[in-house]
Amino acid sequence: MAVLEQLASKHAIELEEKHGAHNYHPLPVVLSRGEGVFVWDVEGKKYYDFLSAYSAVNQGHCHPKIVSALTEQARNLTLTSRAFYNDMLGKFEKYATSTFHYDKLLPMNTGAEAVETAVKICRRWGYQKKGIPANQAKIVVCENNFHGRTTTIVSFSSDQVARSNYGPYTEGFIKIEYDNLHALEQVLKDDAHVAGFLVEPIQGEAGVYVPSEGYLKAAKALCVKYNVLFIADEVQTGIARTGRLLATCGNCTCEDKHCSGNPEVKPDILILGKALSGGAYPVSGVLANDSIMEVITPGSHGSTFGGNPIGAAVGIAALEVIKEEKLAQNADELGRLFRKELGKFVETSDLVVKVRGKGLLNAIVINDTEESSTAWDICMALKENGLLAKPTHGNIIRFAPPLVMTKEQLLDCVSIIIKTISEFKK
């Protein structure tokens, strides 16, 4: 079979079912092309993409500037490893650190790798800077978190499907309730061996849970009070998804550069991934200032592909697109419109009980149990009507379109969602 041979949807699905591990449960749609907010299946049907590869494609599918950066760099040099310098990595590090206002970037590839890297940095800082006794450092995390799927990360997951039968689990993590400042302070006050607090500014995979106003700012203040690093996992929420360059920017004023340099909350360690490459290539990174990042020394951490020339070129282009096209501002404006229009519908619906979110990271809560198939069945109906979305946690549907969407397109999508749910029969 030729690599580029066009497959029918049925055949493509059968190939994956037979030859691939069954670690995902995709909607039965086989995509072969994407542009902007749209994707097409192999039969040529056009859909609005309302998942954006879990917010990796914030800049839209196959953005010409990002694709050009990738292809041009691929013709020159793809990989050197970090055994040698390359002429792109320093440019990317300078651009990223100036964009997010940190001293240093440690580049990796995937979001999970970046989280693992942040955990290692935090522990090293705890031993070398805070003076925690060897092998006793702890990191506070939140219930219902999603930070990835490595053995260490699933060790502190609340998701039993993701966690079951992968033990023995990694120790050194304390779980507390999300959006609970009292629980956080209690742990920090009682345990001097805590080195960091790892948190998602919005819990995306858990169902787009937005914390109470001021929670992140107060949590950071507690971390300062007890000499603990505030670690923000913005793999999904970062890069303009929530209407600001970073979700930790809160409601601060975003200027044309999308960051005034004085965000509402500045993490000690910032974790980025997904849209850091616009979905064109795996790129992730951890940012911190010198006083923290200096604990990483030659040989203490690494990645063959981390910081490769293609990733660096793509990363620069991806961030430039966010700034040049004012995508944070667009996400903020369209997100407000989306929640306003869906909110009106929710007031009249027995099937949808809530719409919530920030920017263009939103969700609706279906009036059924997590064990029911209702949310999945609604997504199947949406697919038939030309819009692709997926449930999360059973009865919640997440809506996260590319940030290049226009107002007219958004309102068209709102009409599709309302029509589909209005006509839906359990």
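A few notes on this one:
- Inside segment 327-385, residues that are buried (at least 16 other Cβ atoms within 10 Å of the Cβ), in contact with a Leu (Cβ under 9 Å, 6 or more places away or on another chain) and either within 21 Å of THR237 (Cβ to Cβ) or of a type in the set (Ser, Thr, Tyr) (or both) make up a count of 14.
- Which listed residue is under 23 Å from the mean Cα position of the chain (by Cα), assigned to a strand (DSSP E or B) and not charged (D, E, K, R), from ALA240, ALA232, ALA162, ALA206: ALA232
- The residues of segment 369-412 that are within 17 Å of GLU341 (Cβ to Cβ) and in contact with a Pro (Cβ under 7 Å, 6 or more places away or on another chain) amount to a single one, ILE397.
- In segment 2-60, the residues that are of a type in the set (A, V, I, L, M, F, W, C) and at positive phi: ALA53
- Taking the criterion of being surrounded by fewer than 18 Cβ atoms within 10 Å (Cβ to Cβ) and either of a type in the set (Phe, Trp, Tyr) or in contact with a helix residue (DSSP H, G or I) (Cβ under 7 Å, 6 or more places away or on another chain) (or both), the residues of segment 107-148 that qualify are TYR127, ALA134.
- Selection status of PHE146, touching a strand residue (DSSP E or B) at 6+ places or on another chain (Cβ under 6 Å) and outside the structural domain of GLY359 (by TED's automatic domain parsing): no
- In segment 343-355, the residues that are more than 12 Å from ILE396 (Cα to Cα) reach residues that are assigned to a strand (DSSP E or B) and of a type outside the set (A, V, I, L, M) with C-beta atoms within less than 8 angstrom, at least six apart or across chains, in these pairs: VAL346/LYS354.
- Residue list for segment 173-203, filter: in contact (Cβ under 8 Å) with a residue 24 or more places away in the chain, among the acidic types (Asp, Glu) and part of a helix (DSSP H, G or I): GLU185
- Scanning segment 30-57 for residues that are over 19 Å from VAL414 (Cα atoms) and touching a Pro at 6+ places or on another chain (Cβ under 8 Å) yields one hit, VAL57.
The values are calculated or read from the model by the stated rules, or taken from the named source; none is laboratory data. Since we're looking at a predicted model, the values are computed, not measured. Every residue, glycine among them, receives a Cβ derived from its backbone with ideal geometry; neighbour counts consider all protein chains shown.
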